[in-house]
Amino acid sequence: MLFKTICGFLTPTSGKVIVNDIDIYKSKTFPPETRALIEKPNFINSLSGFENLKMLVDIKKIVGVKEIEDTLSLVNLENEKNKKFGKYSLGMKQKLGIASVLMENPKIIILDEPFNGIDKSSIQEIKNYLLKIKSDKIIIIASHIESDIKDLCDVIFEMDLGKVNVSDNYVK
């Protein structure tokens, strides 16, 4: 719910969401330079992974074919890029969702349980990439897997009955 609120999909019952000095609800906009994977990724089943990403890229034309292919390689989908999304496994769908978030190099990255169903080698590769880029990004991750949080996060927040608190398990 918090991530949906940050992205402007849900209206908070109190408070504000301010991103880069923009009140998301007052301006009725999605936070600029933000990409999010919330819940399970959904694409057009009859299109390939590559075609789905190309359709997204064509909206803003920030990146091209090379960046799509580089991102598919990053998430270990380069050999499956022409396979129809409807034929993808759970892990492949999740990796395509992560690719859709990363391919345009956004400043704010929101990932909700990003590694669900993904193989260990792909998880490690994606984690390494996130660690490499995190110095000039805001990366917000929700996970029930403690090692994901410890590996990736500088500050840990915990939700408790709708309130956000800095965790006693603060890492760095």
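All of the numbers you see were taken from the coordinates with simple rules; none came from a lab. The model shown is predicted, which means the values in this text are computed figures rather than measured ones. Methodologically, a virtual Cβ is constructed for each residue, glycine included, from the backbone with ideal geometry; neighbour enumeration extends over all protein chains shown.
For the range 1-66, trypsin sites (Lys or Arg not before Pro) are listed when DSSP marks them as loop and at most 12 other Cβ atoms sit within 10 Å of their Cβ; the list is Lys16, Lys28, Lys61.
Using θ = phi - 60° in the Karplus curve 6.51 cos²θ - 1.76 cosθ + 1.60, the 3J(HN,Hα) couplings for the range 11-19 round to 8, x, 6, 7, x, 9, 10, 10, 10 Hz; x is entered for Gly and Pro.
Helix 49-60 against the longest principal axis of the chain: what's the angle in degrees, Cα atoms only, rounded to the nearest 10? Once rounded, one gets 60 degrees. Please identify every one of the GluC sites (Glu not before Pro) in the range 8-72 that sits in a loop by DSSP and has no more than 12 other beta carbons within 10 Å of its own beta carbon. Here the GluC sites (Glu not before Pro) that fit, given the DSSP loop and packing criteria, are Glu39. Each of the chymotrypsin sites (Phe, Trp or Tyr not before Pro) that DSSP puts in a loop and that has at most 15 other Cβ atoms within 10 Å breaks the chain; the longest unbroken stretch is 10-169.
Under the simplified labelling scheme, the Lys107-Met55 pair shows an inter-label distance of 2.9 nm, with each label point 7 Å from Cα along Cα→Cβ. Taking every alpha-carbon pair under 8 Å whose residues sit at least 6 apart, the range 108-172 reaches a relative contact order of 31 percent. Counting only alpha carbon atoms, the long axis of helix 65-74 and the longest principal axis of the chain meet at about 70°.
In the chain, the DSSP beta bridges split such that about 45 percent are antiparallel, to the nearest 5.
Note on the range 50-67 and the range 138-158: Cα centroid distance 28 Å, given to the nearest whole angstrom. Kirkwood radius, the chain, all distinct C-alpha pairs, inverse of mean reciprocal distance: 17.0 Å.
Once C-alpha pairs closer than 8 Å and six or more residues apart are averaged by separation and normalised to the residue number of the range 1-61, the relative contact order reads 23 percent.
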